[in-house]
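The values are calculated or read from the model by the stated rules, or taken from the named source; none is laboratory data. Since this is a predicted model, take the numbers as computed values, not measurements. Every residue, glycine among them, receives a Cβ derived from its backbone with ideal geometry; neighbour counts consider all protein chains shown. Please note that ligands, DNA and RNA were not included when accessible areas were found on the heavy atoms of the full protein model with its side chains. Shrake-Rupley method; radii C 1.70, N 1.55, O 1.52, S 1.80 Å.
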Amino acid sequence: MWIDQLAEEFGLQVELGAYNSVAGLAVFNEEKNERYMLEKRWARGEKTLLAFLQAPSKASHIATDRTVTQLIELAKLHDCDALHVINLSSIIEDDFTNANKSYQGRNRTFIETAINNSDMIFLGWGQQGQLAAQQMPELKETLLKNKEKLMAYEVIKEPKINFTYVPIPRVKGHYKKYIDQKSRILTKEELGELFE
């Protein structure tokens, strides 16, 4: 599988485990302060939802958190067999000042490979992630090559600051806003607002 191949190529650790009968896989650096990929698998099939978020939480191969649990349910709503999680920054619980730096190298390779190998791509990186993504022309190019797979809960327009972004799954102060809600394919107009 491509995850194992990339981990071996970059000298990263692949950890396997389970949490609540859901198999888990996580790819970390040696110090375990960077996570490049998280997989949660509950079925044998190949249909995968890729969640593209801001920065990794402490969810792992043997643990979850509320965001990952919500994304597992989202993947199940879309009849997927597994969830992959990647992030603009690979630094666990990053304050997001390192996003552009962290996107380079290993993380960029994981992101591009995950995007190209996914069935559906859920964007949920919020305002900060949107600002960072707009500064990464290679990422925009990769995403637009896969535009038919790009999904979000919604696209939010902030007219006061002339800014458009996709929300994070658990919005601060409104944590249950998207619970049990399917995501939807982004329109051509929304893609233009987000990436052009």
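Observations
- Local electrostatic count at residue 14 - Lys and Arg +1, Asp and Glu -1, tallied over other residues with Cβ under 14 Å: -3
- Convex hull volume per residue in cubic angstrom - Cα atoms of segment 109-185: 108 Å³
- Charge dipole (Cα centre; +1 on Lys/Arg Cβ, -1 on Asp/Glu Cβ; no other charges) of the chain amounts to roughly 620 debye.
- Surface per residue (accessible, 1.4 Å probe) for the chain, Å²: 50 Å²
- Trypsin sites (Lys or Arg not before Pro) restricted to segment 105-196 and DSSP loop, no more than 14 other C-beta within 10 Å: 160, 172, 176, 177, 182
- When shorter helices are ignored and each DSSP H run of at least 4 residues is given -39500 (n - 2.57), the per-residue value for the chain at 222 nm works out to -9000 deg cm²/dmol.
- Pairs of lysines in segment 4-154 (C-alpha under 16 Å apart; 8 or more residues apart or interchain): 6
- C-alpha long axis of helix 106-116 to longest principal axis of the chain, angle in °: 70 degrees
- Listed values (1) 45, 34, 31; (2) 41, 40, 34; (3) 76, 37, 31, entry calculated as Cα extents along the principal axes in Å: (1)
- Shape call, segment 1-86: gyration tensor on alpha carbons, a/c limit 1.5: prolate
- Counting only alpha carbon atoms, the long axis of helix 66-77 and the longest principal axis of the chain meet at about 80°.
- Reducing segment 1-41 and segment 133-160 to their Cα centroids gives an inter-centroid distance of 26 Å.
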